[in-house]
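One structure is given below, encoded as structure tokens.
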Amino acid sequence: MATIATTPHDHDASESLAERIRQASAEGTPLRIVGGDTRGFYGRPVEGAKLSTLEHRGVTFYDPVELVVSVRSGTPLAELEAVLAEQGQMLPFEPPRFGISSTVGGMVATGMSGPRRPWAGSVRDFVLGTRVINHEGIEQRFGGQVMKNVAGYDLSRLMVGAQGTLGLLTEISFKVLPIPGAVHSLRIEVSLEQARNRLADWGREPLPISAATWLDGALHLRLEGGPSSVAATRARIGGDDLDGGFWNALRDLALAFPANGNDDAPLWRLSLPHRTPSLALSNTPEETMIHDWAGAQRWLKSDIDAETLRSACRQAGGHATCLGSREGPGSAEPFTPLPSVLLKYHRNLKAELDPKGIFNPGRLYAAF
Amino acid sequence: MNILYDERLDGMKPQLDKAAIRDSLVQAIPGLTLLHREEDLHPFECDGLSVYRTLPMLVALPETLAQVEQLLKTCHRLGVPVVTRGAGTGLSGGAMPLEHGVLLVLSRFSRILEIDPEARIARVEPGVRNLAISEAASPHGLYYAPDPSSQIACSIGGNVAENAGGVHCLKYGLTVHNVIKVEVLTIEGEHMTLGSDALDAPGFDLLALFNGSEGMLGVVTEITVKLLPKPETAKVLMASFDDVEKAGNAVGAIIAAGIIPGGLEMMDNLAIRAAEDFIGAGYPVEAAAILLCELDGVEADVDDDCATVRRVLEAAGATGIQQARDDAERALFWAGRKNAFPAVGRMSPDYYCMDGTIPRRELARVLKGISDLSEQYGLRVANVFHAGDGNMHPLILFDANTPGELDEAEALGGKILELCVEVGGTITGEHGVGREKINQMCAQFRPDELATFRAAKAAFDPKELLNPGKNIPTPARCSEFRTIKSAEAAVPTHSQGRPE
Ligand SMILES: Cc1cc2nc3c(=O)[nH]c(=O)nc-3n(C[C@H](O)[C@H](O)[C@H](O)COP(=O)(O)OP(=O)(O)OC[C@H]3O[C@@H](n4cnc5c(N)ncnc54)[C@H](O)[C@@H]3O)c2cc1C
């Protein structure tokens, strides 16, 4: 039956948040939405009065048998993960935390997923519903607490990764899953090329792989599933045992970059189709990157010219995001510019849902 | 309250000159097949919700993207509404034509453009049948996961537009989870790409927004889907119960045991008998309910899980448990379920399929409510249920030739949907709102929320030329709906509305 874990911090601040938004709307003053402030580096800096979600906190609904949890946006991500773990469940997309103050709202708004993403799905894949305060200061409900729901447009999933530019997320309902019965992590010393070939072969078989990262001359693999299949795959693949803490460090971008990389340079995230070969960038050997998601997400620290990198990624069918430095304010143009038609419809959507431009203006792109 | 287009509630229809529009289209688009004679239009007058029929003004059957683009540009310029149609299997009247609109039929776009076994993707045209993708991927040991029961006929474009599901959704997701990229033409004839071949794309997640948008935001012209390796093995257990509630509780117990089955379906006695009569699947016709539980994956894990599920089912009070002996029997078990709609259709001149989704814990209450309503309206209801994810398909049996019975079936259906909303669920899990559930949208959403939906629509189609009248009700329609409901509220059995 539904269990609702309450803590002394639980508090419904939606009315005061709505009031702040009504005010901002009346005055036409932009708001800078902030949760735990752990993700400022991911996106453009926003000029606006700070609107904190931290007061709006607590798990409002959790039914492990339904596989559904609903959480207020200011709830610390760590708190949510602890509540789920107690029931042997998890957020399958392994969101990065970047720090203990990280909130669920910030996690959803930025939409970043962790090492399990290619096999389990992304943040938006597990969002079932949201409550959002709109530009008029009215809290609205989209989606819901059921697995399947196609009534109306899917505005809930649209909010994921929109970085708070379309409204203030106040509550999110997720589908959750059981923590797999067996886990084993391993490390195999292979070249990048060999790693790619092996992953391609394994990818066509139903193997219980749930993370695959090449870094510093070795492929790091995680196997998750039933005890029998994990044991069988482990025996077949071999390799050295790896401490599971590796995945936590990777997830939070806390791993040391390969030694020959440039540690002071800006951090880049490359998102590329499966099986994209090395990008042939001069002065930027692929061996200096962290190849996560079986190669579909590559992390790079480099002073490389943005346009050179972006055009190489575009040609490969992907895109590149500049995260600047973790401590810094964020880069001037973090996200790959949109083609003109797409930009037009982004602006239209922003103008329709936030006509006065009060929600995190400019956080994604300068144009809106 | 009727769902048919009513100018008083839904807005004035444009006054259009059919001959002039036909001339403009013929001139603008060389080689376009454009049907206009009444006898040619008849095959397109309805989708799978065949009790509602409207003759379209014109039917266009383009063969090239350039033709589609020109058609949209021309219609946009002339202010002519456009309804896109895939295979026309939709069950909510989403592709129901307009007598003052062009029906844009995409069935000729039926080529599989690319299967890339290394990248595990398929790139296809919108008219490709759902099952054809898995068939083409099969030689590589791959398949496309979402499998609506209509998969031999429905198109992938229609699947995207409805965010279609299937019997394997709980584990493998809906269409939105399995499509990575779509090419779209806007109503102005502009081209855009949503999503990408990578695992994400910059900007808003418009790909998610377009999934399930019912042809209201743009025309999907190409789809790239993700392919999965076929599981090493799949096994099906069929459990019988002498009580529907016990079967419902068994579903929760399986999930509580930490198992996510590949498929988990439930049928009640009426549906069991109909399917058995039609397919001969070997179903126990005396059972009050059966559960079909498919476990798939690596052989060793599946064996472990089968043993666990068996124990859970026994503890839940199953009166019989049968494991399919081989793939042939497994296919037969599923054939009964996948043909449940037509099977029920054989028992009655007409049937009406509902699509509400509820939190599973409310199953007993909702089934009880449905059986009370069935008695009250004097119409039989068979229940087929995607039990794992709470998506119900009550099938209302009626005879459209008996005066008044369609209205009764509709009213009963409406009540069932309102009951789903009342227990915290939704009026549609996978079939879409279309025209069919236009009134119940007013029960599920508040006026200000509907206004936000209209704002999203306005961002892409401010002139409301794409599939007008579908999916999102007008304020006038909802205020009438609410007036009727508050009048009914005087009657004590009236539903409580959605919980806050
Ligand atoms: C017997 C039976 C069983 C069914 N079982 C299931 C099931 O298990 N799960 C399920 O989800 N559904 C099921 N359905 C419903 C139906 O098959 C699905 O909704 C399917 O996705 C519709 O596809 P279609 O090609 O027939 O679309 P159509 O009916 O032609 O159109 C449906 C909607 O999509 C729009 N559309 C179609 N193509 C495009 C395009 N290229 N671009 C933009 N908009 C477009 C139309 O305008 C319309 O709004 C079933 C139907 C039947 C008759």
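Rule-based calculations on the coordinates, nothing more; no lab input. Quantities reported herein were computed from a predicted structural model and do not represent experimental measurements. A quick note on method: Cβ atoms are made from the backbone with ideal geometry, for glycine too, and the neighbour counts reach across all protein chains shown.
Observations
- If R0 is 30 Å, the Cβ-Cβ spacing of A:Ala82 and B:Asp448 corresponds to a FRET efficiency of close to 0.25.
- Least to most buried among B:Thr193, A:Thr38 (fewest other Cβ within 10 Å first): B:Thr193, A:Thr38
- R0 of 22 Å, Cβ-Cβ distance A:Asp201-B:Ser138: FRET efficiency to nearest 0.05: 0.70
- Excluding same-chain neighbours fewer than eight residues apart, the aspartates and glutamates reachable from A:Lys301 by a Cα-Cα span under 12 Å are A:Asp263, A:Asp264, A:Glu286, A:Glu287.
- Per-residue mean of foreign Cβ neighbours for B:187-200 is 6 (Cβ atoms of other chains, 10 Å radius).
- J(HN,Hα) series, the stretch A:297-306, from Karplus relation 6.51 cos²θ - 1.76 cosθ + 1.60, nearest Hz, glycine and proline x: 10, 10, 9, 9, 10, 7, 8, 3, 4, 4
- Normalised by the number of residues in the stretch B:350-489, the average gap of Cα pairs under 8 Å and 6 or more apart makes the relative contact order 25 percent.
- Rounded to 10°, Cα long-axis angle of helix B:447-460 versus longest principal axis of chain B: 60 degrees
- The Cα center of the stretch A:207-223 and the Cα center of the stretch B:278-316 differ in position by 34 Å.
- Beta bridges per DSSP, both residues in the stretch B:7-105: antiparallel share near 30 percent.
- Ascending count of other beta-carbon atoms within 10 Å, so fewest first, for B:Cys46, B:Cys154, B:Cys420, B:Cys169: B:Cys46, B:Cys154, B:Cys169, B:Cys420
- Förster radius 35 Å - calculated FRET efficiency between B:Ala256 and A:His11, Cβ distance, rounded to 0.05: 0.70
- Helix-derived mean residue ellipticity, 222 nm - over the protein assembly as shown, DSSP H n ≥ 4, -39500 (n - 2.57), to 500: -9500 deg cm²/dmol
- Residue exposure sequence - B:Asp197, B:Asp277 - by fewest surrounding Cβ within 10 Å: B:Asp277, B:Asp197
- One chain, two ends: B:Val26 and B:Leu4. Fully extended at 0.36 nm per residue, the span grows by 4.9 nm beyond their Cα-Cα distance.
- Scoring B:147-153, B:427-433, B:311-317 by mean Cβ neighbours within 10 Å over their residues and listing the highest first yields B:427-433, B:147-153, B:311-317.
- Gap separating the Cα centres of the stretch B:354-389 and the stretch A:1-55, nearest whole Å: 40 Å
- B:Gln376-B:Ile152 pseudo-label distance in nm [points 7 Å out on the Cα-to-Cβ vector]: 3.9 nm
- Taking the stretch A:11-178 and dividing mean pair separation by its residue count, relative contact order in percent (alpha carbons under 8 Å, at least six apart): 25 percent
- Nearest-ten-degree value, helix A:340-353 long axis tilted from longest Cα axis of chain A: 40 degrees
- Eligible aspartates and glutamates near B:Lys246 by straight Cα distance, threshold 20 Å, same-chain separation 8 or greater: A:Asp63, A:Glu66, B:Glu265, B:Asp268, B:Glu286, B:Glu294, B:Glu314, B:Glu362, B:Asp372, B:Asp389
- At full extension, A:Asn283 and A:Ala182 could sit 32.2 nm farther apart than now, given 0.36 nm per residue minus the alpha carbon distance.
- Computed over chain A, relative contact order equals 19 percent, with contacts defined as Cα pairs under 8 Å that lie 6+ residues apart.
- Cα centroid separation, the stretch A:165-197 to the stretch B:222-263 (Å): 23 Å
- For the stretch A:47-56, the Karplus equation 6.51 cos²θ - 1.76 cosθ + 1.60, evaluated at θ = phi - 60°, returns couplings of 8, x, 5, 5, 10, 8, 9, 4, 6, 8 Hz by residue, with Gly and Pro reported as x.
- For peptide A:269-279, the mean count of partner chain Cβ atoms within 10 Å of a residue's Cβ comes to 4.
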